[in-house]
Amino acid sequence: MSSTLNAEIYLDTNRLISPISPMLFSGFIEHMGRAVYEGIYDPASPHADPNGLRTDVLALLREVNYRAIRYPGGNFLSGYRWLDGVGPRDQRPRRRDLAWQTLETNQFGTNEFIEFCRAVNTEPMLAVNMGTGTIQEAANLVEYCNAPTGTQYADLRASHGYAEPHNVKYWCVGNEMDGPWQIGHLEAPEYGAKAREAAKMMRWHDPSIKLVLCGSSNTVMPTYPEWDRVALELAWDQVDYHSMHYYAANRENDTASYLALAAEFESFVDTLTGVLRYVKAKNRSRHDVYLSWDEWNVWYKATTPGVDFQGGWKEAPHLSEEVYNLEDALVVAQWMNVFLRRADVLKIACVAQAVNTISPIHTTRDAVLKHTTYYPIMLFSRLANGAALDVAVKSPHYQTQKFGDMPLLDVSASYDEASGASAVFIVNRSQSESLPVTLRWQDRAPQQISAVHQMSGSDPKAFNSLENPGVIVPKSITPPVVQDGRAEMLLPPLSFTVIETCL
Ligand code: AHR
């Protein structure tokens, strides 16, 4: 590893990648484990509002500022009967959820989710069941949510207390239908055709909706990326986004490679970008489809097969309650760097998930904890506004087992022309070396750096707990001076730094 070289970051507001879609900062809540029950909805908590929503969780979700939240699954979706979750609560059935082997009480359903989204000030992103569900049931749900009263399902909504349509704009057409684990799994030609027909009916109810097609569940699926091509060719003109899912892991405890995972994330986006271009050309289409990375996160510690994936037919079992550490937060930060660097094609991204299950937020009955990953998600969501800058970076390199030679620095930047606000997001992947870095503003320089937020630590495995919640949190550090369009900083090893300026 080279430690003597200076790193250089070149910024120029004429060098833009694309506007940053605010929907890149979105979340996901599934009926899985304690995400819904005991997560966002917990009437027994001292923090519950009159609707049973956790006010302390709502406050954190507002702080993170998720622009949309995807619901109700996930694998749960593919066995879900949406009519179970609407209407008088005492008449809703208790059912076995086969995806997570959990007892589902249906006390929280579509209308409660819409109320929750309003309380958080976020867009609902609903998903329709393409496993056991029919295209008719999918269309009925759009009618229930978005049609004016006067017909069966809209009137049913009104009878449940919602005379005005919910106007849900974003809809996922199924979930991970490529996966043999999925209830009602389909092969690509069958899924592509079913999704197209569902999408047609859904749009006929409301032509303004935006639809997301199921892409590959991860890059190791034997059907990847052929699944994507086949499904897209069949449904292209009926959908607006194509989904990608990926969960990152450090199973071999190879931190050097783990910290270089942006290479893998970028190559996933590159491959699907190629598929999108190919299908658009092959279909002779003028229509564009963008990417929706609607499940992404670190997930590998709380996944003991046969234990964590199965709820033992209990209500709200503790499933996949991942405890995140410093290295996980650095992986999350560079994942979001990739969102900015590929903002031309990536338009939606949902952290999976938002509370308790594979989540940056953990609840007990009376307390909440912010895991390490909470902070990069919140910083990007609040500060990455406007357009993504095409940053030029000169960085020393280091060796990794999985990706070979990789730069020590992973960088992205945003610039909001309207306000002048700019932010630079930098991960130092080195586990041992502080790295001197020079920021060079090429076309226009700030007078000063307004703020620097930095997370770092010497132990990549350090984590926050209810007893010690402040082990890995961002600290405000003294901004370096800007002189002649340049600023010099020393970035500590294992660090994530956000530099705020006004240009
Ligand atoms: O988010 C947890 C699960 O991961 C989802 O239910 C599924 O879509 C994915 O495999």
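Some notes on this structure:
- Test: Glu112 is over 27 Å from Val289 (Cβ atoms) and either buried (at least 18 other Cβ atoms within 10 Å of the Cβ) or touching a Phe, Trp or Tyr at 6+ places or on another chain (Cβ under 9 Å) (or both): yes
- Looking across Ala44, Ala59, Ala48, one residue alone is away from the ligand (no atom under 12 Å from the Cβ), among the small types (Gly, Ala, Ser), open to solvent by 10 Å² or more (accessible area, probe 1.4 Å) and out of contact with any Lys or Arg (no Cβ under 8 Å at 6 or more places or on another chain). It is Ala59.
- Where strands (runs of 3 or more DSSP E) fall wholly inside segment 1-47, the ranges with 2 or more residues that are closer than 29 Å to Tyr247 by Cβ are 16-19, 26-28.
- Residues in segment 62-100 that are free of Cβ contacts under 8 Å to residues at least 60 places away in the same chain, in a loop (DSSP other than H, G, I, E, B) and within 12 Å of the ligand (Cβ to nearest atom): Pro72, Tyr80.
- Single match in Tyr241, Tyr300 (criterion: modelled with pLDDT under 95 and not basic (Lys, Arg)): Tyr300
- Flag if Gly312 is open to solvent by 10 Å² or more (accessible area, probe 1.4 Å) and in contact (Cβ under 8 Å) with a residue 60 or more places away in the chain: yes
- One residue stands out among those in segment 18-41 that are under 14 Å from the mean Cα position of the chain (by Cα) and either more than 13 Å from Asn356 (Cα to Cα) or more than 16 Å from the ligand (Cβ to nearest atom) (or both): the one that is most open to solvent (accessible area, probe 1.4 Å), which is Pro22.
- Screening segment 212-223 for residues that are touching a residue at least 24 places away in the same chain (Cβ under 8 Å) and farther than 20 Å from Arg70 by Cα and picking the one that is most open to solvent (accessible area, probe 1.4 Å) gives Thr223.
- Hey, Asp294 open to solvent by 10 Å² or more (accessible area, probe 1.4 Å) and not aliphatic (A, V, I, L, M) or not: no
- Within segment 234-249, if we keep just the residues that are open to solvent by 10 Å² or more (accessible area, probe 1.4 Å) and within 22 Å of Phe403 (Cβ to Cβ), the residue that is farthest from the ligand (Cβ to nearest atom) turns out to be Ala249.
- Taking the conditions (1) of a type in the set (S, T, N, Q); (2) in contact (Cβ under 8 Å) with a residue 40 or more places away in the chain; (3) out of contact with any Gly (no Cβ under 9 Å at 6 or more places or on another chain) in turn, Gln483 satisfies each one other than (2).
- Residue in segment 185-193 that is assigned to a loop (DSSP other than H, G, I, E, B), open to solvent by 10 Å² or more (accessible area, probe 1.4 Å), farther than 30 Å from Trp236 by Cβ and more than 16 Å from the ligand (Cβ to nearest atom) present: no
- Scope segment 194-211; condition open to solvent by 60 Å² or more (accessible area, probe 1.4 Å) and over 24 Å from the mean Cα position of the chain (by Cα); matching residues: Arg196, Trp204, His205, Pro207
The values are calculated or read from the model by the stated rules, or taken from the named source; none is laboratory data. Just so you know, these numbers come straight off a predicted model, no measurement behind them. For neighbour counting, all protein chains shown are included, and Cβ atoms are generated from backbone atoms with ideal geometry for every residue, glycine included. Surface areas here come from the heavy atoms of the whole protein model, side chains and all, with no ligands, DNA or RNA. Shrake-Rupley method; radii C 1.70, N 1.55, O 1.52, S 1.80 Å.
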